[in-house]
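Here is the structure we will look at, set down as structure tokens.
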Amino acid sequence: MSKIDDFYLLNDEMSKKQYKWFYLIFLSLIWGSSFILMKKALIGLSPIQVGALRIIIAALFLIIIGFKSVKKIKKRHWKYVFLSALCGTFFPSFLYAYAIVGIDSSIASILNSLTPFNTLLIGTLIFQVVFNKKQLIGILIGLLGTIILIFKGADLNPNQNYWFALFPIVSSIGYACNVNIIKKYLQDLEPLAITTGNFILILIPTLIVLSFTGFFTSFEFSKEATDGLIYITILAVIGTGIAKVMFNKLIHISSPVFSTSVTYLIPIVAVIWGVVDGEKLSVIQLFAGIIILYGVYLVNKNK
């Protein structure tokens, strides 16, 4: 390899490093705000309607901007695109909407930070992904911070139903499967094609689910319902459509563990929004947030 080739390779690696941190921070801001948007939307809409409308609106947006990219999806890709859609979008969209009915939006976002741990576990057991000791230590430290946040949240909100916490935990497993599927089987597809393909495949099933809520026959456009539609539209276009494309790009230019470490930063943004909206926050939870950040640092520190 010539010195010129070495130079361009070095620049490419530096660009990827800069871009992956940009995507990580930007996605944490977007997805950290998604929980409060769901909470506001649930004032006028049911959980099923919130989950379904989020998918449908995002699907229509992505079809408009990314339909041409679908041509790049080959026959061998489609089954993995479908599995990615189910694990990473369809089920989590409904599960999180139900979770926020029973627990604070900030707590739901904290539980989402189990995703990197599940990504590493599932990647190792099923997808033969190799990880190093430093990544494992970083994930465990981040997990410790998450546990502190959960238990302190339970102390501050003893009347909430923490069985609803199972929904974000199951969703985190789905996200972990999705990341590993994309990294192993869809690496040769551009992010926009994957994301658009995801939503095309689940659009019809989601419309069927929404129809059972009476949305198309008996929905009343009250002020709360109209506000809910506005919140869910913002969430669908920015927090689902655009963010999913960016996340799939992040998976392409980084490791599965790095890409899912965004879920360690999301709770910090979500907790701030929760406090603004009247949810409780303690000094111990702030300390736990610092622990989480240190875990992210260890996960992504160069060897």
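Values for this structure:
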| item | result |
| --- | --- |
| Matching residues, the range 186-201, being part of a helix (DSSP H, G or I) and either closer than 12 Å to I251 by Cα or free of Cβ contacts under 8 Å to residues at least 40 places away in the same chain (or both) | P191, I194 |
| Residues satisfying the stated conditions in the range 236-275, i.e. over 17 Å from I30 (Cβ atoms) and part of a helix (DSSP H, G or I) | H252, I253, P256, V257, F258, V275 |
| L229 vs. criteria within 15 Å of the chain's Cα centre (by Cα) and within 20 Å of S33 (Cα to Cα) | no |
| Failed item in (1) in a helix (DSSP H, G or I); (2) farther than 14 Å from G32 by Cβ, with G278 passing the rest | (1) |
| Residue check, I204 out of contact with any Lys or Arg (no Cβ under 7 Å at 6 or more places or on another chain), in a helix (DSSP H, G or I) and either surrounded by 23 or more Cβ atoms within 10 Å (Cβ to Cβ) or at pLDDT below 90 (or both) | no |
| When residues of the range 38-78 are limited to those that are among the small types (G, A, S) and not in a helix (DSSP H, G or I), the one surrounded by the fewest Cβ atoms within 10 Å (Cβ to Cβ) | S46 |
| Residue that is surrounded by the fewest Cβ atoms within 10 Å (Cβ to Cβ) [pool: residues in the range 167-192 that are closer than 12 Å to A85 by Cα and of a type in the set (A, V, I, L, M, F, W, C)] | C177 |
| Residue in the range 144-161 that is surrounded by the most Cβ atoms within 10 Å (Cβ to Cβ), counting only those that are closer than 19 Å to S261 by Cα and modelled with pLDDT under 80 | L149 |
| Conditions (1) over 30 Å from N180 (Cα atoms); (2) in a helix (DSSP H, G or I): number failed by T233 | (1) |
| Selection within the range 237-284 - small (G, A, S) and over 21 Å from S172 (Cβ atoms) | G241, G278, S282 |
| Any pair with Cβ under 8 angstrom, 6 or more apart, that starts in the range 5-29 at a residue that is modelled with pLDDT under 70 and ends at one that is surrounded by 14 or more Cβ atoms within 10 Å (Cβ to Cβ) | K16/I253; K16/S254 |
| Cβ-Cβ under 9 Å pairs, at least 6 apart or on other chains, the range 272-294 side at negative phi and charged (D, E, K, R), far side in a loop (DSSP other than H, G, I, E, B) and at pLDDT below 85 | E279/D104; E279/N157; K280/D104; K280/N157 |
| Single residue of Q135, Q128 found to be outside any helix (DSSP H, G or I) and either among the polar types (S, T, N, Q) or buried (at least 23 other Cβ atoms within 10 Å of the Cβ) (or both) | Q128 |
| Verdict on F164 being surrounded by 15 or more Cβ atoms within 10 Å (Cβ to Cβ), over 16 Å from the mean Cα position of the chain (by Cα) and modelled with pLDDT under 95 | yes |
| Matching entry among F82, F90, F35 (being at pLDDT 95 or above and either crowded, with 20+ Cβ neighbours inside 10 Å or under 28 Å from S222 (Cα atoms) (or both)) | F90 |
| Selection status of A99, modelled with pLDDT of 95 or more and buried (at least 23 other Cβ atoms within 10 Å of the Cβ) | no |
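This table checks each residue for (1) surrounded by fewer than 21 Cβ atoms within 10 Å (Cβ to Cβ); (2) out of contact with any Gly (no Cβ under 9 Å at 6 or more places or on another chain); (3) within 15 Å of A41 (Cα to Cα); (4) basic (K, R).
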position: S211; (1), (2), (3), (4): yes, yes, no, no
position: S218; (1), (2), (3), (4): yes, yes, no, no
position: S222; (1), (2), (3), (4): yes, no, yes, no
position: I232; (1), (2), (3), (4): no, yes, yes, no
position: V237; (1), (2), (3), (4): yes, yes, yes, no
position: K244; (1), (2), (3), (4): no, no, no, yes
position: I251; (1), (2), (3), (4): no, yes, no, no
position: S254; (1), (2), (3), (4): no, yes, no, no
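The values are calculated or read from the model by the stated rules, or taken from the named source; none is laboratory data. Keep in mind that this is a model prediction, so the values were computed, not measured. All Cβ positions, even for glycine, are placed from backbone atoms using ideal geometry, and neighbour counts span all protein chains on display.
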